[in-house]
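The values are calculated or read from the model by the stated rules, or taken from the named source; none is laboratory data. Not measured: the values here are computed from a predicted model. Please note: Cβ atoms are built from the backbone with ideal geometry, for glycine as well, and neighbour counts cover all protein chains shown.
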Amino acid sequence: MNATLLSATAALFGAAIGGLTSLVTQRTQARAEWLAHDRVRRQKLYKEFIEQASQCYVHALQHNEPDVTALVSLFAKISRMRVQSSAEVANEADQVGRKIVDTYDAPEKTFLELREMLADGSIDILSRFSDVCRDELDSLRSQQFRGTTFSAHRSSR
């Protein structure tokens, strides 16, 4: 009878451990999927912002009157970043927006001036923003894979 009790207890413990491992694995996989979805959502937002900021900046370089509709849309994306992204990304996006607004006060640029800005790199107001976004997305990617590696390691025990 002792052997039967021992065998039943071992089976119960085995089932409990298997159930816990399955639960941890599912939770880890769900977290990795959420991180992947979050990364894709941010990538889309950053792409839209870069495209919109580029268009606004070109307009600001060539005109003194702002395109208010485009600027409002740009700042709406910055607000979305404040909700969805790190403070560093949102702050860099805000700096880009401010540079664009300030550019409207500057004299319109000639083609020669644009060429000089291109040569000295001053035309690229998005480089710091792009670097900060890449760092954030890399961090999300490493969190996602760290979670799935943990899950695979735990389930193989």
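Summary table
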{"quantity": "PHE150 vs. criteria modelled with pLDDT of 95 or more and out of contact with any strand residue (DSSP E or B) (no Cβ under 6 Å at 6 or more places or on another chain)", "calculated": "no"}
{"quantity": "Residue within the range 47-65 that is surrounded by fewer than 14 Cβ atoms within 10 Å (Cβ to Cβ), of a type in the set (A, V, I, L, M, F, W, C) and out of contact with any strand residue (DSSP E or B) (no Cβ under 9 Å at 6 or more places or on another chain) present", "calculated": "no"}
{"quantity": "Subset of the range 92-111 [within 20 Å of ARG134 (Cα to Cα), crowded, with 17+ Cβ neighbours inside 10 Å and out of contact with any Asp or Glu (no Cβ under 9 Å at 6 or more places or on another chain)]", "calculated": "ALA93, VAL96, GLY97"}
{"quantity": "Count - residues of the range 23-48 that are farther than 30 Å from ALA93 by Cα and touching a helix residue (DSSP H, G or I) at 6+ places or on another chain (Cβ under 8 Å)", "calculated": "4"}
{"quantity": "One residue from VAL83, VAL132 being over 13 Å from TYR57 (Cβ atoms), in contact with an Asp or Glu (Cβ under 7 Å, 6 or more places away or on another chain) and among the hydrophobic types (A, V, I, L, M, F, W, C)", "calculated": "VAL132"}
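This table checks each residue for (1) assigned to a loop (DSSP other than H, G, I, E, B); (2) among the hydrophobic types (A, V, I, L, M, F, W, C).
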| residue | (1), (2) |
| --- | --- |
| ARG42 | no, no |
| LYS47 | no, no |
| VAL58 | no, yes |
| THR69 | no, no |
| LEU74 | no, yes |
| GLU108 | yes, no |
